[in-house]
Amino acid sequence: MSVSGQFTIAVERVILRDAHPGGQDAFVFRMQFPWQRQPLCTVKVEVTADEPVLLPTVSKPILHGYGKDLLGEVRAYTLEEIVAEKLRSILQSEARRVAIINTQLAG
């Protein structure tokens, strides 16, 4: 198969069991490149509107490993913002677990 030519992208909305309280959406992108018989590259993208971003975003080049130049940039969170969000998520999950255990012990 050719290394250049048409590629396809299919997008599916991820249906969550319970609605996200902040209205977050999630999508799965499946890409099939010209040399592939089926989509082998999958990317999950989560979109949120209620998450405060405290630090200015930074402009980053698009990096890929496909040989040809792809000139372009995307706006991205800073590393500090990403780490802070991950820590917040861990603490929130742990608080939920503790609340469940306390409910089970009390009941």
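Points worth noting:
The rows are residues; the columns are (1) within 22 Å of Phe27 (Cα to Cα); (2) not assigned by TED's automatic domain parsing to the domain that holds His20.
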| residue | (1), (2) |
| --- | --- |
| Lys44 | yes, no |
| Gly65 | no, yes |
| Leu71 | no, yes |
| Lys86 | yes, yes |
| Ala99 | no, yes |
| Thr103 | no, yes |
| Ala106 | no, yes |
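- Pair list, Cβ < 9 Å and 6+ apart or interchain, from the stretch 6-20 residues that are more than 16 Å from Val45 (Cα to Cα) to residues that are in a strand (DSSP E or B) and not hydroxyl-bearing (Ser, Thr, Tyr): Phe7/Met31; Phe7/Gln32; Thr8/Arg30; Thr8/Met31; Thr8/Gln32
- Verdict on Ala10 being outside any loop (DSSP other than H, G, I, E, B) and out of contact with any Ser or Thr (no Cβ under 9 Å at 6 or more places or on another chain): yes
- Exclusive hit being modelled with pLDDT of 85 or more and in the same structural domain as Glu80 (by TED's automatic domain parsing), set Pro39, Pro61: Pro61
- Candidates Thr78, Thr48 - the one that is in contact with a Gly (Cβ under 7 Å, 6 or more places away or on another chain) and either over 27 Å from Arg13 (Cα atoms) or surrounded by 10 or more Cβ atoms within 10 Å (Cβ to Cβ) (or both): Thr48
- Within the stretch 14-40, being farther than 18 Å from Ser89 by Cβ, in contact with a strand residue (DSSP E or B) (Cβ under 6 Å, 6 or more places away or on another chain) and of a type in the set (D, E, K, R) holds for one residue alone: Arg30.
- Any hit, the stretch 21-44, residues being over 21 Å from the mean Cα position of the chain (by Cα) and surrounded by fewer than 10 Cβ atoms within 10 Å (Cβ to Cβ): yes
- Count - residues of the stretch 71-107 that are touching a Pro at 6+ places or on another chain (Cβ under 7 Å) and under 20 Å from Gly22 (Cβ atoms): 0
The values are calculated or read from the model by the stated rules, or taken from the named source; none is laboratory data. These numbers were taken from a predicted model, which means no experiment stands behind them. Quick reminder, even Gly has a Cβ in these numbers, built from the backbone with ideal geometry, and neighbours come from all protein chains shown.
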